[in-house]
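Input: a single structure, listed below in structure tokens.
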Amino acid sequence: MTQHNIVSISGGKDSAATLLVALALDTPNLQAVFADTGHEHPATYDYVHYLAEATGIAIRRVKADFSRQIANKRKFIEAKWPEKGVPQAVVLAALDVLHPTGNPFLDLCLWKGRFPSTKARFCTDELKRNPIIEQVFLPLMDGDSMVLSWQGVRRDESLNRRYLPECDEVGGGLFNYRPILKWPVEAVFEAHRAAGIKPNPLYLQGCNRVGCMPCIMCAKDELREIAARWPEEVARVREWERVVSIASKRGAATFFTAVTDPTVQANDNITHATHGIDRMVEWANTSRGGRQYDLINLIARSGGDLRCSSAYGLCE
Ligand code: SF4
């Protein structure tokens, strides 16, 4: 029986440390894979390239493709929106923007007519988990092979990860393996240092974690840092809010859920222009005396765990 060892690389420190463990153990049939969301900071793309060069392990890049879903949504809009009384101008505008862009994150939101949220966190599965399963794992699962999915997950990162086992069977010959599950964060950086591998430089620039820029689970201080250091990342989200709003039947889509803002009233007219990323950046720059829909409210609404805590380790 052949054993395939696949390390999922997120661009963050934990997945890099996991790859370093696999290399230190001379793991046979070792591959690394990075799911490109289309919403990473350029430094992360550069880092994945660096990591491959520095370790000598090619990192395969996979991307989700939502062309089929978008084509089906076009048919649905043409047939159903007029029946539901949606004005013709809204239908035509939606059809005008509903074309695959090749950016997985944007195309996912165009298809869904909305952005993911803490309560509907479909992004990790659609953008990371599914492409890796479909494009990498499934072709290897031939009934005669064992596929070990190496995941850079640590217990002390979040409640969701606290009780994960080091190894568990998914089925069909696929197993999850989490070799750094019990590591403290210091050990992660020590593994980089010992191997002579630099961590993603974003950790030195105010980022506590590395992933989508920004992540929908972004905390207040992270959003403030992102807006101050990389306004172009905010500008990209602003433009996506405009386009996804056009593809939405309600005509409004905001990157961060507007209802997490306690100053928003039930009958407020929510649009991307009034309640979009710029409003959240403005809030992120407030402290005492600013609007008080702060992290405490967000933590309470998210069940106490604000971190993007995918059990697969695909989002850091
Ligand atoms: S990093 Fe955040 S926004 Fe990106 S896929 Fe993960 S949960 Fe979604």
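Every read-out reported here was derived from the displayed coordinates using simple, explicitly stated rules and does not represent laboratory data. Bear in mind the structure is a predicted one, so any value in this text is a computation, not a measurement. Every residue, glycine as well, gets a Cβ built from its backbone with ideal geometry; the counts of neighbours run over all protein chains shown.
Given H placed 1.01 Å from N in the peptide plane, which residues other than close sequence neighbours of VAL7 have an amide H under 5 Å from its amide H?
Long-range HN contacts for VAL7: GLN31, ALA32, VAL33, TRP150.
Quick one: Debye curve from the alpha-carbon atoms of region 133-210 only, equal weights, vacuum; give me log10 I(q)/I(0) at q = 0.13, 0.26 Å⁻¹ to two decimals.
Those come out to -0.56, -1.15, one per q.
Would you mind getting the Kirkwood hydrodynamic radius of the chain from its Cα pairs, rounded to one decimal in Å?
20.9
Using θ = phi - 60° and the Karplus curve 6.51 cos²θ - 1.76 cosθ + 1.60, what whole-Hz ³J(HN,Hα) does each residue of region 62-72 get, with Gly and Pro shown as x?
Karplus-based 3J(HN,Hα) across region 62-72 equals 10, 9, 6, 10, 10, 4, 5, 5, 5, 4, 5 Hz.
Taking trypsin sites (Lys or Arg not before Pro) as candidate sites, keep only those in a DSSP loop with at most 13 other Cβ atoms within 10 Å, then name the longest stretch of the chain containing none of them.
1-83
How far apart, in nanometres, would the label points at ASN29 and LYS63 be if each is projected 7 angstrom from Cα along the Cα-to-Cβ direction?
3.0
Starting from the amide H of LEU174, placed 1.01 Å from N in the peptide plane, find each other amide H under 5 Å away whose residue is 5 or more places distant or on another chain.
VAL147
So, in the chain, how many Lys pairs have Cα atoms under 12 Å apart, if the pair is 8 or more places apart or on different chains?
7
When a footprinting reagent is the concern and you count Cβ atoms within 10 Å, what order do THR286, THR27, THR257 take, fewest first?
So the residues, fewest neighbours to most, are THR286, THR27, THR257.
Just grab the label-to-label distance for HIS49 and GLU239, each label 7 Å out from Cα along the Cβ direction, in nm (one decimal).
2.0
For the chain, what does -39500 (n - 2.57) per DSSP helix run (n ≥ 4), summed and divided by total residues, give at 222 nm, in deg cm²/dmol to the nearest 500?
-11000 deg cm²/dmol
Considering Cα pairs under 8 angstrom that are at least six residues apart, work out the relative contact order of region 165-277 and quote it in whole percent.
In percent, rounded to a whole number, it is 14.
Among MET146, SER248, LEU19, which residue has its Cα furthest toward the positive end of the charge dipole of the chain, with +1 on Lys/Arg Cβ and -1 on Asp/Glu Cβ?
SER248
For HIS4, HIS272, HIS99, HIS39, what ranking results if the residue with the fewest other Cβ atoms within 10 Å of its Cβ goes first?
Fewest-to-most Cβ neighbours within 10 Å comes out as HIS99, HIS4, HIS39, HIS272.
Just want the ordering: TYR203, TYR163, from fewest to most Cβ atoms lying within 10 Å of their own Cβ.
With the fewest neighbours first, TYR203, TYR163 line up as TYR163, TYR203.
Charges on Cβ only, +1 for Lys and Arg, -1 for Asp and Glu, centred on the Cα centroid of the chain; of TYR203, ILE216, VAL185, which one is farthest towards the dipole's positive end?
Of the options given, the answer is ILE216.
Of SER10, ASN103, HIS272, which is farthest on the positive side of the dipole of the chain, counting Cα position, with +1 on Lys and Arg Cβ, -1 on Asp and Glu Cβ, and the Cα centre as origin?
After comparing all options, I get HIS272.
If you put +1 on each Lys and Arg Cβ and -1 on each Asp and Glu Cβ, how big is the dipole of the chain around its Cα centre, in Debye rounded to 20?
In total the dipole reaches around 820 debye.
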